[in-house]
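Undergrad: What follows is a structure written as structure tokens; I'll ask about it next.
The values are calculated or read from the model by the stated rules, or taken from the named source; none is laboratory data. Source: prediction; values computed, not measured. Reconstructed Cβ throughout: ideal geometry from the backbone, glycine too, with neighbour counts over all protein chains shown.
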Amino acid sequence: MSSGFSNADTGSKNADPYTQKNQDDVSLKEKVEDLLKFIDNTKFCLLTTQVADSDLLASRAMALAAKVSYHFCTIYGC
């Protein structure tokens, strides 16, 4: 017997707003600015890589050491 209640019912809202947001076309400049703002606000992160020739993961804590410039060309060159 079903009651008709669902706690997964989103009504008219998208069930996964992140998927829709990722499909939006965003300029590279805006992506870099958002990344830099995220780095400023986060301060620390955990960098995880896969060990070569293995399924093992290696993780290390990272922190922002210095900022050169907010201009994109100074990060990657022009």
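Undergrad: Give segment 25-68 a look and list any residue that's on the phi > 0 side of the Ramachandran plot and either among the small types (Gly, Ala, Ser) or touching a Leu at 6+ places or on another chain (Cβ under 7 Å) (or both), or say none.
TA: 43 - this is the single residue of segment 25-68 that is on the phi > 0 side of the Ramachandran plot and either among the small types (Gly, Ala, Ser) or touching a Leu at 6+ places or on another chain (Cβ under 7 Å) (or both).
Undergrad: Moving on. How about segment 53-66: which of its residues are surrounded by fewer than 10 Cβ atoms within 10 Å (Cβ to Cβ), at pLDDT below 85 and touching a strand residue (DSSP E or B) at 6+ places or on another chain (Cβ under 8 Å)?
TA: 63, the sole residue that qualifies.
Undergrad: Suppose we keep only residues that are acidic (Asp, Glu) and within 26 Å of residue 64 (Cα to Cα) within segment 9-52. Which one would you say is surrounded by the fewest Cβ atoms within 10 Å (Cβ to Cβ)?
TA: Among residues in segment 9-52 that are acidic (Asp, Glu) and within 26 Å of residue 64 (Cα to Cα), the one surrounded by the fewest Cβ atoms within 10 Å (Cβ to Cβ) is 30.
Undergrad: Next question. Given 22, 41, 7, 14, which one is modelled with pLDDT of 80 or more and not hydrophobic (A, V, I, L, M, F, W, C)?
TA: 41
Undergrad: Related question: Name the single residue that is farthest from residue 22 (Cα to Cα) among those in segment 34-64 being part of a strand (DSSP E or B) and hydroxyl-bearing (Ser, Thr, Tyr).
TA: 59
Undergrad: Looking only at segment 22-33, which residues are without any contact (Cβ under 8 Å) to a residue 24 or more places away in the chain and not in a loop (DSSP other than H, G, I, E, B)?
TA: 22, 23, 30, 31
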